[in-house]
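The values are calculated or read from the model by the stated rules, or taken from the named source; none is laboratory data. Predicted, not measured: the structure shown is a model, and the values here were computed from it. Glycine gets a Cβ as well: all are built from the backbone with ideal geometry, and neighbour counts include every protein chain shown.
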Amino acid sequence: MPSDSHKRSRLKGALGRLFRLEDPELQAAVDEIEEHHLEVEKSLADMADIKSLPMGEFNPESHLSPAVPRLRTLLVALSAKAAGGSASDSKDVAQVAEFLHLAVLIHDTAIGRHTGRRRRVARRLLGGAAHWLGGNHLTLRALELARSLPAPEVLGEVVETMRELSEGQVLSEELRDRDGTYDDYIEYAESHAGALYSFCSRSGGHIGRGDRASVGALGRYGRHLGVAWHAVDDLWLFEQETIEFAKHVGRRMAMGRPMLPIVLALPKRPEIDAIIDRVCDGDESACDELKLAVRSTGALNVTRTLVVERSMAAKRSLRGLPDSSYRVLMDQIAGGIMGGAHSDTV
């Protein structure tokens, strides 16, 4: 089976074109990304509630590869430039996005189900390392940092994003105790990755001093892109080797994160629910059973369709921006994510 890095080569190729852009300011913003990550990790290190989290496994879906920066960080810098301004403050805004992202993950992971057969999975994954208070610390850091930025609109974007993320957390609580629907999935994806990516692109537009129309177009782009990314991540899950597949399925079930292929397949194959329990209990043979059962329903093709639809919607949103090389690059990123939905192994 191809390696994970090979499977993501199309998306990495689209993002990799950013490094060939002859723009010193944007290149400087990209060069600071690794330093930005170190600063975030240093800020987290002193928080007793979360310092023992296995950060290498805590957020696997947010990394592309060691050589390619996080998409959220790139969106901030590109949006600032696409709006016609400077990317000089992009690192600080990207740090706000990372704080918000980690706060949501800590909250979703730490609580787990209060009752039910899968709470043991949450306990095994967490080991008592995380606490909801750690997420609160991070949201406060995000607010403090946003308040110090030269673009005051970013603070309002943080507050609005926190509201959306909170609504998504309420839904994830519900989905720990019931099967989700397609509409639940869309609502969840829009209130998690969609809200956060919209924050990145809208805030980038603010620091680039874009007009209202440009900021609105950037926000729509980010939201559609976030939903597409969320769905393509579900497709990649079905390419994982047995151990990784079981680990990610167990974690997402414990967190109440709906997986679209499973959401779509369950009504057609109710026995999938029992197979998931076996996967969560470490039955390796159940992993292949689950993959085959989901594929037999056509759920992966429907998930691919969602990726394509949202990627195309993101591309259309860019029409509201002035023509520039940065707009072209953002269009290529959406195309790269759309290409990531197609694989011989999915």
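Any idea which residue in segment 157-181 is modelled with the lowest pLDDT, counting only those that are among the small types (Gly, Ala, Ser) and part of a helix (DSSP H, G or I)?
Ser172
Somewhere in segment 239-246, is a residue of a type in the set (A, V, I, L, M, F, W, C), modelled with pLDDT of 90 or more, crowded, with 20+ Cβ neighbours inside 10 Å and within 24 Å of the chain's Cα centre (by Cα)?
no
Tell me, which residue of segment 127-155 that is buried (at least 17 other Cβ atoms within 10 Å of the Cβ) and more than 29 Å from Ala80 (Cβ to Cβ) is modelled with the highest pLDDT?
Of everything passing the filter in segment 127-155, Gly134 is modelled with the highest pLDDT.
Looking at Arg220, Arg269, Arg251, can you tell me which residue is touching a helix residue (DSSP H, G or I) at 6+ places or on another chain (Cβ under 9 Å), outside any helix (DSSP H, G or I) and either surrounded by fewer than 24 Cβ atoms within 10 Å (Cβ to Cβ) or of a type in the set (Phe, Trp, Tyr) (or both)?
Every option except Arg269 fails the conditions.
So Cys287 passes all but one of these: (1) touching a residue at least 24 places away in the same chain (Cβ under 8 Å); (2) more than 25 Å from Gly194 (Cα to Cα); (3) out of contact with any helix residue (DSSP H, G or I) (no Cβ under 6 Å at 6 or more places or on another chain); (4) not β-branched (Val, Ile, Thr). Which condition number does it fail?
Of (1) touching a residue at least 24 places away in the same chain (Cβ under 8 Å); (2) more than 25 Å from Gly194 (Cα to Cα); (3) out of contact with any helix residue (DSSP H, G or I) (no Cβ under 6 Å at 6 or more places or on another chain); (4) not β-branched (Val, Ile, Thr), only one is false for Cys287: (3).
When you look at Val307, is it of a type in the set (Val, Ile, Thr) and without any contact (Cβ under 8 Å) to a residue 40 or more places away in the chain, yes or no?
No, not satisfied.
State which residue is surrounded by the most Cβ atoms within 10 Å (Cβ to Cβ) when the search covers only segment 254-264 and only residues that are of a type in the set (A, V, I, L, M, F, W, C) and modelled with pLDDT under 90.
Ranking the qualifying residues of segment 254-264, first place goes to Ala254.
Restricting attention to segment 212-238, which residues are among the charged types (D, E, K, R) and either touching a residue at least 24 places away in the same chain (Cβ under 8 Å) or farther than 21 Å from Leu321 by Cα (or both)?
Step one: of segment 212-238, the residues among the charged types (D, E, K, R) are 212, 220, 223, 233-234.
Arg220, Arg223, Asp233, Asp234 - these are the residues of segment 212-238 that are among the charged types (D, E, K, R) and either touching a residue at least 24 places away in the same chain (Cβ under 8 Å) or farther than 21 Å from Leu321 by Cα (or both).
Quick one: count up the residues across segment 264-321 that are under 26 Å from Leu78 (Cβ atoms) and not charged (D, E, K, R).
Counting residues in segment 264-321 that are under 26 Å from Leu78 (Cβ atoms) and not charged (D, E, K, R) gives 11.
Test Val294 against the stated conditions and say whether it is farther than 30 Å from Leu218 by Cα, crowded, with 21+ Cβ neighbours inside 10 Å and modelled with pLDDT of 90 or more.
Considered against the rule, which asks whether it is farther than 30 Å from Leu218 by Cα, crowded, with 21+ Cβ neighbours inside 10 Å and modelled with pLDDT of 90 or more, Val294 comes out as yes.
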